[in-house]
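Novice: I'd like to ask you about the structure that follows.
We did not get these values from a lab; they are worked out from the coordinates using the rules stated. Not measured: the values here are computed from a predicted model. Note: ideal-geometry Cβ built from the backbone for every residue, glycine included; neighbour counts use all protein chains shown.
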């Protein structure tokens, strides 16, 4: 058999099912916009996928000892900081420009996304994540 059903496998399946369930029903967050619920559920789905990949690598004798845990921890911290920057910058732009019209909505989407992406990249570069150097070498070709 390819794999046996055990407690860790069942746990991964439950996390995946919860992520799928979350995408079916919008969450009731303080803002009356259902798209926040969809974005949150999509984030939970991506987190479940990452956890399942790490589990499967570990389960099938993969290369978790080759810096995967370090990179995963750095990426998690960088993602958390990026989320804080996105939240506060989007709220600041919405407070200043509002959300009426296409230009303010695009600004609220694009500016925090660029700021968050730059911060994420700089943190990964500062922490010397090897994949960032691989990306630089690929872009240099």
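Novice: I'd like the FRET efficiency for residue 94 and residue 119, computed as 1/(1 + (r/R0)^6) with the beta carbon distance as r and R0 of 30 Å, rounded to 0.05. Each step should come with its number before you reach the end.
Specialist: Details: r = 19 Å, r/R0 = 0.65.
Rounded to the nearest 0.05, the efficiency is 0.95.
Novice: Using R₀ = 25 Å, calculate the FRET efficiency as 1/(1 + (r/R₀)^6) where r is the Cβ-Cβ separation of residue 128 and residue 60; round to 0.05.
Specialist: Calculated value: 0.35.
Novice: Let me ask something else about it. Averaging sequence separations of C-alpha pairs under 8 Å and six or more residues apart, then dividing by the length of the range 64-141, give the relative contact order as a whole percent.
Specialist: With pairs under 8 Å counted, the relative contact order is 37 percent.
Novice: Could you give me the radius of gyration and the Dmax of the range 64-141, taking only the C-alpha atoms into account and expressing both in angstrom?
Specialist: 15.9, 50
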